[in-house]
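FYI, it's all coordinate maths here, none of it is from the lab. Bear in mind that the values here come from a model prediction, so they are computed numbers and not experimental data. When we count neighbours, we look across all protein chains shown, and the Cβ atoms used for this are built from the backbone with ideal geometry, even at glycine.
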């Protein structure tokens with residue numbers, strides 16, 4: 001049983017890695033605290049459901065994030081770019097309003113009933129993990145989380161675009177003076193962050209039911225991850241996501257009455273110890 005709980009924590013941590021990395025990227029470039037990120041995750045899940053219904057899960061896994069990337073570029077052009085220098089209260093109100101708009105749009109298009117996406121046939125069986133049978137699909141979720149984490153780190157550390165992203169997240173004015181088009185760069189990063197939220201929704205769809213209210217829990221956990229890891233830090237977010245996944249999984253089993261407050265207690269404890277988060281604001 002303990003092994004299963006640890007494994008479930010790893011699965012949820014992998015989902016949070018995909019989700020929170022997009023949130024951290026958007027904040028790192030645009031300095032916008034995106035309260036609508038959970039609704040983007042939800043929209044990606046529903047788009048994945050529609051695409052999978054018309055074709056198959058693998059097409060949805062690629063198609064939904066691509067659509068969400070386009071949506072993210074539009075969001076940056078008509079919302080986030082305009083919010084970049086606004087006061088925090090304005091940012092909160094606008095992004096929270098966007099969340100409500102997306103939720104209403106989802107209810108209008110797909111209704112309020114819970115929906116589900118079947119796991120692909122090749123991942124529908126169980127696999128023996130240290131003597132315990134676990135769904136193969138959940139192992140695949142962990143693999144996707146690891147690929148996303150590794151891919152983002154490699155992109156930021158070893159590519160020219162990644163160098164520009166790291167520079168712009170530290171000092172956008174000086175980066176622009178060096179000839180980098182920071183608006184185009186930020187639009188691309190917001191598109192990637194939105195695509196990652198959509199990818200998280202598609203990945204979660206086969207083992208979490210789809211509903212218009214599905215955005216709230218994962219949004220709160222994603223913000224906890226980003227705050228614990230350090231605002232704008234991807235590496236910190238990865239570590240915090242794995243920590244929070246285990247805290248949620250083990251807390252739900254061994255401390256069910258306190259499970260809802262344990263993540264916040266962990267966040268407070270870490271911030272008291274290290275106010276800038278585990279990794280500060282480094283990308």
Here the relative contact order (percent) of segment 104-155, from C-alpha pairs under 8 Å and at least 6 apart, is 20
So the angle from the long Cα axis of helix 37-54 to the longest Cα principal axis of the chain, reported in degrees to the nearest 10, equals 60
Taking Cα atoms, the helix 88-110 axis meets the longest principal axis of the chain at an angle in degrees (rounded to 10) of 40
Most packed first (mean Cβ within 10 Å per residue), the peptides 118-124, 256-262, 64-70 order as 64-70, 118-124, 256-262
Expressed in angstrom and rounded, the centroid-to-centroid distance over alpha carbons for segment 223-283 and segment 52-85 is 27
Expressed as a whole-number percentage, the relative contact order of segment 48-142 with C-alpha contacts under 8 angstrom and at least six residues apart is 20
Longest principal axis of the chain (C-alpha) makes with the long axis of helix 160-170 (C-alpha) an angle, in degrees to the nearest 10, of 70
Unit-weight point scatterers at every alpha-carbon of segment 107-262, Debye formula, q = 0.11, 0.15, 0.19 1/Å: log10 I(q)/I(0) is -0.60, -1.03, -1.36
Length-normalised contact order of the chain, Cα under 8 Å, at least 6 apart, in percent, tallies to 37
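Under the √(5λ) rule applied to the eigenvalues of the Cα gyration tensor, what semi-axes describe the equivalent ellipsoid of the chain? Give them in Å, descending.
Over the Cα atoms of the chain, the ellipsoid semi-axes are 29, 23, 19 Å.
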